[in-house]
1. With mean projected area of the Cα convex hull in nm² defined as stated, name the option among [x] 4.2; [y] 4.6; [z] 7.1 computed from the structure displayed.
2. To the nearest 0.05, what FRET efficiency results for T43 and A15 with a Förster distance of 30 Å applied to their C-beta separation?
3. Please sort by residue number the GluC sites (Glu not before Pro) in the chain whose DSSP state is loop and whose Cβ has at most 16 other Cβ atoms within 10 Å.
4. List, in the order given, every pair from K19/K57; K30/K52; K19/K52 whose Cα-Cα distance in the structure shown is over 20 Å.
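What follows is calculated from the coordinates using simple rules that are stated; it is not laboratory data. Quick caveat, the model's predicted, so the values are computed rather than measured. As a convention, Cβ positions derive from the backbone with ideal geometry for all residues, glycine included, and neighbour counts pool all protein chains shown.
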Amino acid sequence: MGGAILDSVPKEGEALSFKGSAMVCLASSKEEVLEMLKRDVYTENEVWDFSKIYPFKCAFRYPVDA
């Protein structure tokens with residue numbers, strides 16, 4: 001899962017003002033994620049810089065039916 005980080009919530013008809021990108025990955029380790037990202041087309045073409053990686057713990061307010 002991934003998407004854009006915006007500078008602000010756009011008004012209707014207004015262009016998006018991008019601040020960056022976010023991606024959520026599921027893996028056994030940070031190293032596994034880094035190996036996957038090294039092979040990503042956006043990384044290979046120097047569009048994305050994955051020098052900043054932050055741990056993320058997802059939480060749901062209500063149970064999700066499996």
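1. It is the value labelled [z].
2. Efficiency at R0 = 30 Å is approximately 0.70.
3. When the GluC sites (Glu not before Pro) of the chain are filtered for loop state and at most 16 Cβ neighbours within 10 Å, E12, E14, E46 remain.
4. Exceeds cut-off: K19/K57.
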